[in-house]
Amino acid sequence: LNLFGDSQLSLQEIADKAYQLQRKIDENAEQEKANLRSAVETKHQEIERHAMELSRHAASSIEAYKESQLQSAERNKAYQQAVVRQQAEQAKRLIDQQAAQAIAAVEARDRQLDVQRQQQDLARS
């Protein structure tokens, strides 16, 4: 009994069977390589899709962050404008108050000068 299950095979038959086995091994190896190539390609496409999803997610996150920062900057700007407006209104009120006081002081001095002139005119006459 030999490797091929038959005890009476000629050398040519053994060579033919060895050749057939080698061909079958080669075909199986080619099929395995093709399957492996296909699996690698599928995995590559899957990785590419995942990378694109991550890229889109990152871009979306960056845009959301930028929008958040812009909104925050706009709120801060509005707040600062409100503070400046309030300070300007306070400054205007203070200036108006000081102007009114100055006008009142000038008017009081003018009245006092008028009274003094009238008294001097009466004293002369």
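The values are calculated or read from the model by the stated rules, or taken from the named source; none is laboratory data. These figures come from a predicted structure and were not determined experimentally. Neighbour counts are summed over all protein chains in view; Cβ atoms, including those assigned to glycine, are modelled from backbone coordinates with ideal geometry. Just the protein is used for accessible areas: all its heavy atoms, side chains included, with ligands, DNA and RNA removed. Shrake-Rupley method; radii C 1.70, N 1.55, O 1.52, S 1.80 Å.
Per-residue answers, yes or no, for (1) of a type in the set (S, T, N, Q); (2) outside any helix (DSSP H, G or I); (3) open to solvent by 100 Å² or more (accessible area, probe 1.4 Å):
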| site | (1), (2), (3) |
| --- | --- |
| 12 | yes, no, yes |
| 22 | yes, no, no |
| 29 | no, no, no |
| 61 | yes, no, no |
| 72 | yes, no, no |
| 79 | no, no, yes |
| 89 | no, no, no |
| 104 | no, no, no |
(request) Read through the list (1) modelled with pLDDT under 95; (2) surrounded by 10 or more Cβ atoms within 10 Å (Cβ to Cβ), then give the number of the only condition that residue 96 fails. (result) (1)
(message) With the structure loaded, tell me whether residue 54 is surrounded by 10 or more Cβ atoms within 10 Å (Cβ to Cβ), over 40 Å from the mean Cα position of the chain (by Cα) and without any contact (Cβ under 8 Å) to a residue 60 or more places away in the chain or whether it fails that test.
(response) no
